[in-house]
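Undergrad: Quick one: this structure, given as structure tokens, is what I'll be asking you about.
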Amino acid sequence: LPENGDFLLLGGDFRFYQPIHRNIIWANRLAGSTSIGSRRVVYYLGGVDNWLFRRVDNSLEVPTGQGFAFQSLAAPMRGFWVNARNGNSFAVLNSEIRFPVFSYFSGSPLKSDFLETFQLVGFGDVGSAWTGPHPYSEDNVFNQQDITTGGGNITVIIKNNREPIIWSYGMGVRARLLGYFVRLDYAWGVDDGVVQPGVFHFSINLDF
């Protein structure tokens, strides 16, 4: 860090797994983080960890003048590209029903590792990333657009009323293939009350 630079990160990741019947699991995760100081982290909300063929939403600019020195992914937020929201704070809630189809109906362990670990998953995500004390704060530049006119002499600030919290729902499959736990998800994001086109997420990740 440069001289007189300070950096503080506060966050948590809490997970809860509830058996429903035999090896059908209801999995839940609540995670969030905030960075403060003169050298802060900008969190990009959207997508999943280890997303192959990752896509980024470049329509949302990163706030300037915030002292961002580091960056991190806030995920999963399926149904959206990376950078659906951004800021120095984020919070996400994820919930999944995991149904191991073949092992559930088998009375003994399966010889195929792929079939043994194969799961159908239904899920929902909700979250936000923001600048300021909370997502609805006026400091959150997500709801602010600066337009410079008159040859650069006049700056007009337009304040929007878009919902900062986004959510999604979808389905997916999981299985271990060649020693890797592969995930394929298809989700529909809901942004400002409008259902977005579905997004595929192909990733290599064990849990959430």
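Undergrad: Would you work out which of 180, 104, 86 lies farthest towards the positive end of the dipole of the chain? Charges go on Cβ: Lys and Arg +1, Asp and Glu -1.
TA: Looking along the dipole axis, the top candidate is 104.
Undergrad: What dipole magnitude, in Debye to the nearest 20, does the chain give about its Cα centre under +1 on Lys/Arg Cβ and -1 on Asp/Glu Cβ?
TA: Details: 16 positive and 18 negative charges, 135 e Å.
Value, rounded to 20: 640 debye.
Undergrad: How much net charge surrounds residue 201 when only the other residues with a Cβ under 15 Å from the Cβ of residue 201 are counted, with Lys and Arg +1 and Asp and Glu -1? Don't skip to the answer; put the middle values down first.
TA: Values: positive: 54, 55, 78, 174, 183; negative: 49, 57, 96, 125, 185, 207.
For residues surrounding residue 201, the net value is -1.
Undergrad: Per residue, how much accessible area does the chain have with a 1.4 Å probe, in Å²? Can you show the working numbers first?
TA: Details: 11630 Å² over 208 residues.
In whole numbers, the chain has 56 Å² accessible per residue.
Undergrad: Based on the Cβ-Cβ distance of residue 195 and residue 110, what FRET efficiency does E = 1/(1 + (r/R0)^6) give at R0 = 30 Å, to the nearest 0.05? Walk me through the intermediate numbers first.
TA: Working: r = 38 Å, r/R0 = 1.25.
Plugging the Cβ-Cβ distance into 1/(1 + (r/R0)^6) gives 0.20.
Undergrad: If I model a spin label at residue 139 and residue 38 as a point 7 Å from the Cα along the Cα→Cβ vector, what separation in nanometres do I get?
TA: Taking the two extended label points, one gets 1.8 nm.
Undergrad: Strictly greater than 23 Å: what percent of every Cα pair in the chain meets that?
TA: Details: 11228 of 21528 pairs.
Of all Cα-Cα distances in the chain, 52 percent exceed 23 Å.
Undergrad: If you don't mind, there's one more thing I want to ask. Do you know the relative contact order of the chain, to the nearest whole percent, from alpha carbon pairs under 8 angstrom that are 6+ apart? Before the final figure, lay out each step's value.
TA: Working: 520 pairs, mean separation 40.2, N = 208.
It rounds to 19 percent for the chain.
Undergrad: Still on this model: What full-extension length gain, to one decimal in nm, is calculated for residue 53 and residue 13 as 0.36 nm per residue of separation minus the Cα-Cα distance? Present the calculation step by step, with values, prior to reporting the outcome.
TA: Working: separation 40, 0.36 × 40 = 14.40 nm, distance 2.61 nm.
Gain in length upon complete extension: 11.8 nm.
Undergrad: With unit charges on the beta carbons (Lys and Arg positive, Asp and Glu negative) and the dipole taken about the Cα centre of the chain, which residue among 134, 67, 28 sits farthest to the positive side?
TA: 28
Undergrad: Next question, about the same structure. Roughly how many Å² of residue 40 are accessible to a 1.4 Å probe, to the nearest 10?
TA: Near enough 40 Å² of accessible area.
Undergrad: Still on this structure: Comparing 189, 179, 37, which has the greatest mean-square fluctuation in the GNM of the chain with Cα pairs linked when under 10 Å apart?
TA: Top of the fluctuation ranking is 179.
The values are calculated or read from the model by the stated rules, or taken from the named source; none is laboratory data. Note that the structure is a prediction, hence the values are computed from the model and not measured. When we count neighbours, we look across all protein chains shown, and the Cβ atoms used for this are built from the backbone with ideal geometry, even at glycine. We work out accessible area using only protein heavy atoms, side chains counted, and drop any ligands, DNA or RNA first. Shrake-Rupley method; radii C 1.70, N 1.55, O 1.52, S 1.80 Å.
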